[in-house]
Amino acid sequence: MSNLLGNSGEFCTVIRAARLVAMTDVTVLIEGESGTGKELLAQTIHQHSPRAQGAFITINCAALPENLAESELFGHRKGAFTGAVADQQGRIQAANGGTLFLDEIGELPLSIQAKLLRFLEMGECQVIGQSRVELVDTRIIAATNRDLYAQTQQGKFRQDLYYRLNIVPLELPPLRKRLNDLEMLLQAFTKELAERHKLSPPHYNKATLKRLHRYKWPGNIRELRNFSERMLIFFSGKTIEPTHLPRQFQSEKTAMSAEGFSLPETGINLEALEIQMIRQALDKTYGNRSQAARLLGLTRDTLLYRIKKHAIEI
């Protein structure tokens, strides 16, 4: 999976799991913040699977109008409803023998979720306006930047569908948790974009790289790539100084630094501080464990372990 770059521990763990998953037909749920590379990981799993010669089709569930979602996924026959002037193949049938990537699965209308569950369990595809059921051999990879478990508790996502999708969850870490990979990614993006635009790549000096390491990167890998392209265009062949960086990199509020923290002479109770930070994160996210984990720079599993360890009531 050479197109997914990184050496950080958490990222490598996800890639090792993805390699194992790729050789099976199991349903995969990819979790992670926007911009972490969920679609790229899904494509890579498909390319390393026995279905590699089949189609890889993407559908953004967040962009599906509720009244068209069923037709887009399962297809329809001419005359099935007003406006159905011709037969239309659904994305599930179009990906037969290949993979269908359902991006932002948490946005899929509840009215369609039961039908998707039926397909996942039985392989049955019910085309709108057709009485017989078709059997379709399509693998599903889904992705979300939401806490689907929390959505099931709120009645916004079917619990049975969640457990059917969550057979093999893969959680991509945000860039701020894999900053050791930043220079590798920056160089790779710069090289790729320089070849595309036929420009000389810029050079980042140590002070600039240090500033980039202190930035929070809320847009993750996508933001880093866009940043790389911007710097290439404006500073082709030049050395990029900290003063050349965009405004958001100049603000101390957006930088991650330990300089603002001072250990009191009397010391601190680290365990009590950890409990307090966990409670504050849970309060800020209204009990959403995945979001709280991101605020604390932890994985969801690590946060759950510490909640249990400290017997923190939620």
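The numbers here are math on the coordinates, done by the rules we state, and not lab data. These figures come from a predicted structure and were not determined experimentally. Positions of Cβ are generated from backbone atoms using ideal geometry, with glycine treated the same way; all protein chains shown enter the neighbour counts.
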- Item | Of all DSSP beta bridges in the chain, antiparallel share, percent nearest 5 | 15 percent
- Task: Please label the shape of the range 104-250 as rounded, prolate or oblate, based on the square roots a ≥ b ≥ c of the eigenvalues of the alpha-carbon gyration tensor (a/c under 1.5 means rounded; beyond that, a/b larger than b/c means prolate, else oblate).
- Result: prolate
- Pairs of Cα atoms under 8 Å, at least six residues apart: use those to get the relative contact order of the chain, whole percent. 19 percent
- Give the peptides 306-313, 225-232 in descending order of average Cβ contacts within 10 Å, highest first. 225-232, 306-313
- What residues of the range 1-44 lie in the reach of a label at THR302, counting those whose backbone N is under 11 Å from a point 7 Å from the Cα along Cα→Cβ? 9-11
- Query: Just for the range 1-144, what percent of DSSP beta bridges are antiparallel, to the closest 5?
  - Reply: 20 percent
- Query: Per residue, what volume in Å³ does the convex hull of the Cα atoms of the range 179-259 enclose?
  - Reply: 85 Å³
- Message: Given Cβ point charges of +1 (Lys, Arg) and -1 (Asp, Glu) and nothing else, what value in debye, to the nearest 20, does the dipole of the chain about its Cα centre take?
- Response: 540 debye
- Item | Among 237-246, 156-165, 31-40, the order from most to least packed when residues are scored by Cβ within 10 Å on average | 31-40, 156-165, 237-246
- Item | Cβ crowding within 10 Å averaged over residues, with 96-108, 54-66 ranked highest first | 96-108, 54-66
- Over the range 122-194, equivalent-ellipsoid semi-axes from the Cα gyration tensor in Å: 37, 20, 10
- the range 107-162 to the range 6-60: how many Å between their Cα centroids? 19 Å
- Note on the structure: Mean 1/r over distinct Cα pairs of the range 8-116, inverted to a Kirkwood Rh in Å, yields 15.4 Å
- Item | Environment charge at PHE11 (Cβ cut-off 14 Å; Lys +1, Arg +1, Asp -1, Glu -1) | +1
- Message: From the alpha carbon gyration tensor of the range 30-174, can you work out the equivalent ellipsoid semi-axes (sqrt of 5 times each eigenvalue) and give them in Å, largest to smallest?
- Response: 25, 18, 14
- When a/c is below 1.5 the answer is rounded, else prolate if a/b is larger than b/c, else oblate, so apply that to the chain with a ≥ b ≥ c taken from the square roots of the Cα gyration tensor eigenvalues. oblate
- Query: In the range 264-309, what is the volume of the convex hull around the alpha carbon atoms, normalised per residue and reported in Å³?
  - Reply: 72 Å³
- Estimated distance in nm for a label pair at GLU241 and GLU121, the labels positioned 7 Å out from Cα along Cα-to-Cβ: 6.6 nm
